[in-house]
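Notes to accompany the following structure.
We did not get these values from a lab; they are worked out from the coordinates using the rules stated. All of these numbers come straight from a predicted model, not from anything done at the bench. Cβ coordinates were reconstructed from backbone atoms using ideal geometry, including for glycine residues, and neighbour counts include every protein chain displayed.
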Amino acid sequence: MVQEKLWFKIWPEGTPKTLQPYPEKPLHKFLDDHASSKPDRPLVIYEDGRVFTYGKVSEESSKIAAAIWDMGVRKGDPVAVMMFNRPEFISCFYGGLKAGAKVAIIDALTISEDLKMHFEMTKPKVIFTDAEVWEREKKIFEEYGYGLKNTIVVEGGEDTLSYGSVLAKYEAKPPNVQINPREDVAIIAHYAGIVGRTLEVYHTHYGIVAAMISASAFYGRREGVTSLVAIPLSHLFGVMEIAGPVIAGGTIVLMKRFDLDKALELIRKYNVNLWPGPPMMFDAVLKKGLRKENVPSLMLCVTGAAPVPPDLQKAFFEDVGIPLIQGYGLTEGLVVTAQPPNVRVYGSVGIPLPDVDVKIVDKETGTKELPPGEVGELIVKSPWIMRGYKDPEETKKAIRDGWLYTGDLLMMDENGLLYFRGLKKRFLKYKAYPIFPRDLEIILLQHPAVKDTYVDGEWDPEVGHKPFAKVVLKDEYKGKVSAEELINFVNERVAFYKKLRKVEFVDKI
């Protein structure tokens with residue numbers, strides 16, 4: 001018996017309140033099952049027109065699994081996928097899973113000190129990447145021992161294993177690895193939002209499967225639905241936009257990078273039904289003058305990962321004629337809430353998905369549940385909250401009695417609708433990209449002139465937070481080091497979205 005919750009008053013008709021029990025099978029088994037029953041169904045249609053069927057992706061991922069097993073990867077070993085959006089990303093991702101590996105996703109924009117931190121943290125046995133990333137970061141790859149024997153590069157050269165040569169060499173016979181879906185880690189993410197610094201976050205096969213089935217039931221994703229994916233696959237949001245369609249038996253129209261005109265062309269050409277993405281994508285398409293009659297196949301847009309202006313949603317519902325549904329999630333909890341498709345409301349992150357329970361508790365002690373209308377910390381319980389962090393002590397702080405303490409401040413109204421009200425933790429977002437101030441502080445403290453520093457963000461409604469730093473200089477360096485020097489010191493070591501915009505010298509933090 002499902003306990004009555006406030007949000008059940010506006011629960012979408014026809015959507016189950018619980019979907020348990022969820023299938024207890026490995027994430028990659030869904031790919032192989034669809035490949036067996038419908039091998040010619042398109043799984044990925046790339047922006048250049050190439051089509052990768054379920055049968056093709058299943059076969060190529062099996063060859064990848066055989067290859068990395070031959071390279072010494074065993075069950076539970078970490079491997080990493082670090083490449084821009086392309087169909088081969090998906091084959092490498094599932095190939096890692098078929099070998100029993102934990103697949104770490106590393107943003108293809110990661111550079112320099114950031115990349116070193118990822119390598120030192122995860123120590124992947126094999127890395128899958130593309131020629132663009134390899135050529136840009138070749139020195140760091142080689143510094144950490146990645147090259148001809150343990151790096152598979154799409155369109156790679158003679159100094160690595162090329163993706164094509166691996167496919168040519170190996171048969172589609174993956175190792176026979178026994179997976180315990182509830183216990184075995186499938187994905188390693190590196191953005192620990194609750195902790196507020198870069199840290200490994202572990203998700204199991206079962207957790208990913210359950211989350212995607214629940215979200216798909218809420219959004220109406222099912223077999224045959226085609227989605228446009230222009231968000232980075234190397235982010236957890238992107239990985240879920242692989243796993244969700246594969247579990248449901250859908251098709252992904254994949255873009256390397258978002259381009260507005262190209263996106264609209266692809267939606268029309270391939271009759272796209274579902275479009276997930278950050279708010280800036282939908283703001284751009286609204287300014288372009290989009291209307292439902294321009295893209296008749298498009299039924300639903302799903303947004304999140306950054307603040308969504310209520311006026312943007314209102315314009316989509318009332319002017320464009322296509323629902324723009326906002327959701328809420330986090331690295332440690334995957335998807336948590338979404339706006340019910342049957343309720344037109346602007347500015348809310350929605351209600352909990354099937355099998356998700358939430359509470360708003362006082363932010364000081366985290367023990368007292370608050371009534372509707374009061375702002376407090378959101379805590380979450382679901383079958384798919386993270387298995388944990390690499391650091392067990394941090395896991396104990398984040399998960400207490402089965403509840404995930406998100407560090408996000410929200411308010412629930414009388415109908416169970418949730419409204420984002422701020423952060424208890426230190427966390428920035430620039431164009432929907434996550435930034436941990438502590439990571440930038442660590443880099444600044446490596447400069448010989450810096451005694452202490454504090455990084456924060458200036459709010460810009462167009463892009464989100466613009467990082468800036470307050471810096472205390474060591475006495476012997478005062479008047480000898482410029483703000484520009486410190487800005488350059490950080491910015492040549494981090495991805496574009498993490499770049500400092502300003503440094504202010506202060507006497508104390």
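Quick look at the values:
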{"read-out": "Among beta bridges that DSSP assigns inside the chain, antiparallel share in %, nearest 5", "value": "60 percent"}
{"read-out": "Within region 435-458: backbone nitrogen closer than 19 Å to the GLU143 label point (7 Å, Cα to C-beta)", "value": "439-449"}
{"read-out": "Potential lengthening between LEU6 and GLU485 on full extension [0.36 nm per residue; Cα-Cα distance subtracted]", "value": "167.0 nm"}
{"read-out": "Cα gyration tensor shape for region 80-201, rounded if a/c is under 1.5, else prolate or oblate", "value": "oblate"}
{"read-out": "Region 1-36 residues near the modelled ASP357 label - backbone nitrogen below 12 Å, point 7 Å along Cα→Cβ", "value": "1-5"}
{"read-out": "Environment charge of GLY321, counting only residues whose C-beta is closer than 10 Å and scoring Lys/Arg +1, Asp/Glu -1", "value": "-1"}
{"read-out": "Shape of region 287-403, Cα gyration tensor, a/c cut at 1.5", "value": "prolate"}
{"read-out": "GLU13-ARG74 pseudo-label distance in nm [points 7 Å out on the Cα-to-Cβ vector]", "value": "5.8 nm"}
{"read-out": "Interchain or long-range residues, amide H under 5 Å from SER162's placed H", "value": "VAL153"}
{"read-out": "Taking the C-alpha atoms of the chain, convex hull volume expressed per residue in Å³", "value": "153 Å³"}
{"read-out": "Relative frequency of Cα-Cα separations exceeding 18 Å in region 428-505, percent", "value": "34 percent"}
{"read-out": "Pairwise label distance in nanometres, ASP319 with ALA172, each label 7 Å out on the Cα-Cβ vector", "value": "4.8 nm"}
{"read-out": "By average C-beta atoms within 10 angstrom, highest first, the peptides 305-313, 207-215, 166-174, 8-16", "value": "207-215, 305-313, 166-174, 8-16"}
{"read-out": "Reciprocal of mean inverse Cα separation for region 389-467 (Kirkwood radius, Å)", "value": "15.3 Å"}
{"read-out": "Sum of side-chain charges, ALA248 neighbourhood, beta-carbon under 10 Å (Lys, Arg +1; Asp, Glu -1)", "value": "+1"}
{"read-out": "Cα convex hull volume per residue for region 1-71 (Å³)", "value": "202 Å³"}
{"read-out": "Spherically averaged projected area of region 199-287 from its Cα convex hull (nm²)", "value": "6.4 nm²"}
{"read-out": "Dipole in debye (nearest 20) - region 428-505, about Cα centre, beta carbon charges: Lys, Arg +1; Asp, Glu -1", "value": "120 debye"}
{"read-out": "Sequence ranges 358-368, 244-254, 274-284, ranked by mean other-Cβ count within 10 angstrom, highest first", "value": "244-254, 274-284, 358-368"}
{"read-out": "Per-peptide average of other Cβ atoms within 10 Å, ordering 224-234, 472-482 highest first", "value": "224-234, 472-482"}
{"read-out": "Dipole moment magnitude, nearest 20 debye, the chain about Cα centre, only Lys, Arg, Asp, Glu C-beta charged", "value": "380 debye"}
{"read-out": "Neighbour-count ranking [beta-carbon atoms within 10 angstrom, fewest first] of ARG291, ARG426, ARG438", "value": "ARG291, ARG438, ARG426"}
{"read-out": "Spin-label model distance (nm) - ASP40 vs ASP259, 7 Å beyond Cα toward Cβ", "value": "3.1 nm"}
{"read-out": "Extension gain from ARG344 to MET121, taking 0.36 nm per residue of separation minus the Cα-Cα distance", "value": "75.9 nm"}
{"read-out": "FRET E, pair ASP507, SER112, Förster distance 35 Å, beta-carbon r, rounded to 0.05", "value": "0.70"}
